[in-house]
Structure formats: structure tokens, C-alpha cells
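One structure below.
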Amino acid sequence: MREKQMVPLSLSFTTQKNAILASLSTPESTYTDLSPKGSVDAAIKPLIDRINALEGVVTTSSCAGRVSVFLEGRKQSRGHGDRGDVKINKGSEQAAVPGGKGMGGKWLFVSHEPVELSKKSEWKETLPDILGLGSVGSQNETLALGVEVDEMRLVKFQFEPMILHVMTASLHHAQPILAAAINAGFRESGIQSLKNLNDFNAFPMVAIRTAGLAFESLVGVIPRRTQDEEDGDESAKYITRIVSQEYLELLANIANERFRINTERIRRFEQDLFKREEGLGQTWEDSKSRQERKRAEGLKQRQTLRKVQMNQEVDGFSRSEIDGNTGNAGLSGSSLPP
């Protein structure tokens, strides 16, 4: 293995990494985060542990991939300003963000594993019940209400592939991670936190993601905003499903296939990442150093080949000399009298 050029780590990065690792080492019974699950996904934890064992990198957030059913939050009614005092309920509901899904969005179903349709005969509930959806509504009740879309709350079935954020000590550490992600099929990956390169407390963040596997489909509505605005956590009882159970099973099958592809891409990313010597906080080569190394390796190979050829020539000469001496000895012996 070639000699490696070390990239020094700042004290600020080391401090932040140690704090993150200390948080991740918290027992599962007491650890919590801002995700709907509230903890690190078991399917991706071995990969996170391997990455965090490398020098100069640390994971900051992750999701192994998930299938979910989400009820959008209440939208601001017409005539309101940009801000409004809307009560945010506890539990699985979430606040709005700019361009987001409104106030009080709610996860009706979340799974980081495929939906087991093969065990349909063992279900104690129907698939709509498992997904947190109600009964199918009539055409008149849901689709021909003449209600403005802004007055509805939409329910969406969605699949989201893996997303992983890795904070790195430098661009040298970030480059091999980004390359491995793109090669594995996470083609929308990129490097963030580059707005202020002079900020010694801001470090490049590699966002590993892909949009190609994600999909969503409208599966239900709450027809009128006024129906549930006072009910808080009971808002799910007003949901009207607008698709059949067969359609939901089709969506679940598609999501399960996306899970399989997502898992394969994660495997390729891990395999490619740990094959690379460049970056990872342990080595880095610029183009000039690489050219010099390649030139030295080529010279060494030519020298080795020349030595082999010289040895072969010497061995050939020695064998010829031995054979000649042997022949001469036989000739001399034949000339002796019996």
C-alpha cells in the first residue's frame, strides 16, 4: 500500500463528532430523535457504525428508507396573513414549514420494512385499517363536493428511499463518500454547508439521496377543513378513502420492490465506499501527487521486469554452458581406449 498523506482534523470537528457519537451511544430505551420512529433505523445502523469509525467523518441524520401514509396538515384559510395562531397538537402531528404540508400533519402509518402482503391470510385487520385509512367514500361525498382544494386535507401513500447526511472534516474527506454514493445510484447526492468556507465551525455535509425511487399517490381526503379543525388527534376519523383495497395492495407491492432496489443500492454504496483508499480521513492525493506516484510505480515495474529478463538470460547462458560442457565430456570419453 502506498504511503498516505494525512489531512489534519480541527479541534472543532473532533468535538462535534465526539458529541454526536456520545448521543448515538445512548441506550435505545432512552435515545430519541426528531424522526417519526424516534431512533436510528436498525437496517442502517451497521453502516452508520462503520462510517463513524472512520477518521474525519460522522453521520448526523439517516433514514434507511420507509413506506408511509401521511395526512397533510391544515392549510391557512383565505384572508389570513402569512402567519396565524394555529394550535399544534401533540403526538405524531408536526408543525408546518415553508412550502410544507400545513399545520398539524399526521403520520397514519410508517414502516422501515416492506409491507408483508404474503401474510395476507394472517391479517387481523384489512390493509386499509393497517395503513390507518377509513372506508371508501361515495363519489358524491368526496370527488364531486364542489369544495376548493385548499379546503381539503389530502392523504398520501408514499415511499422514500435511504437518505444519509455525513459531516466531514474537509472536502478531501467528503469527495470519496460523494463518489461512492453517486456510483451506487444515489444520483441526487451532493455536498452542502459550503456557504461560508471561512467559518471554521462549518464543515462540508454530504447528503446521500436519490429521487428516482421515491413516489407518492393520493389515497384519501378529509373533504372539509372545518370538519376536523377542533378535533385535534381525532382528525383521522374524518378521513375518506378514495381508492380500492386492490389499489392499495398495488401501491404496497410497488413500495416493496423499491425497498429491494434501495437495499441493493445501500449495499453497493457501502462496498464501494470501503474499497476506496482516497479520502475517508486517512489518505488523499491531488492530481500532481497521483501522477508522481504512477510514474514511480511504472519505473519500479520496468526495473522489476528488467531484472527478470536479466535473470532469464543468465539462467539460459548457464544452462547452455552446462550442456556444452556435458557434450564435450561425452566426446572426450568416447575417444578413450576401451
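The values are calculated or read from the model by the stated rules, or taken from the named source; none is laboratory data. Note that the coordinates shown come from a computational prediction; the quantities given were computed from them, not determined experimentally. A quick note on method: Cβ atoms are made from the backbone with ideal geometry, for glycine too, and the neighbour counts reach across all protein chains shown. Just the protein is used for accessible areas: all its heavy atoms, side chains included, with ligands, DNA and RNA removed. Shrake-Rupley method; radii C 1.70, N 1.55, O 1.52, S 1.80 Å.
Quick rundown of the values:
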quantity: Cross-link pairs 156/237; 45/275; 17/275; 45/294; 275/300 - those with Cα-Cα distance over 26 Å; calculated: 45/294
quantity: Accessible surface of residue 193 - all protein chains present, 1.4 Å probe, nearest 10 Å²; calculated: 60
quantity: Label-to-label distance, nm, for residues given as residue 257 and residue 25 (7 Å Cα→Cβ offset); calculated: 4.5
quantity: Computed lengthening from residue 308 to residue 249, 0.36 nm per intervening residue step minus Cα-Cα distance; calculated: 14.5 nm
quantity: Segment residue 53-residue 218, extension gain: residue separation times 0.36 nm, minus the distance between their alpha carbons; calculated: 55.2 nm
quantity: Computed E for residue 211/residue 15 - FRET, C-beta separation, R0 35 angstrom, nearest 0.05; calculated: 0.55
quantity: Gain on full stretching of the segment that runs from residue 171 to residue 156 - 0.36 nm per residue minus C-alpha separation; calculated: 1.6 nm
